[in-house]
Each structure stands twice: as C-alpha cells, then as structure tokens.
C-alpha cells in the first residue's frame, strides 16, 4: 500500500481513532496490522499541523479550579 491511497488514509485514521479511544501503541499496531514504529510515525505526522493551531485554542479556554468529582 502506498501513502496517499484511500486504504492507507483509512488505516491511518483508524489508527489515530484507536489511540484517541485509549488503546496503547502496541494494541493499535496490532489492530491496524502495522509495526508499532509505523503507528508512532502516524501520530507524529498528525501532530505536526496541530502545533500551530493548539495555542490559539488553549488561550481561549478560561477555567476555574473546583471540587474534584469522585468516580
């Protein structure tokens, strides 16, 4: 599979969704049938465009510390 092909993009998106859902790197690699370094590479590639956007979102967040909820 070559980068840029629809199947490759779907696999990357699925891998990033697995990480966002809380799966570990090795579990994500097993689910997506790739090597763990490949999954890490996907994560790094996805983070690059967000570096410029994140500060503008974070400075717009105004929160206050309150009591911590017990689960």
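General remarks:
- Residue that is modelled with the highest pLDDT [pool: residues in segment 2-16 that are outside any helix (DSSP H, G or I) and over 19 Å from residue 44 (Cβ atoms)]: 5
Condition check ((1) at pLDDT 75 or above; (2) in a loop (DSSP other than H, G, I, E, B); (3) in contact with a helix residue (DSSP H, G or I) (Cβ under 7 Å, 6 or more places away or on another chain)) across all residues:
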residue	(1), (2), (3)
45	yes, no, no
51	yes, no, no
55	no, no, no
60	no, yes, no
66	no, yes, no
69	no, yes, no
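The values are calculated or read from the model by the stated rules, or taken from the named source; none is laboratory data. Since we're looking at a predicted model, the values are computed, not measured. Quick reminder, even Gly has a Cβ in these numbers, built from the backbone with ideal geometry, and neighbours come from all protein chains shown.
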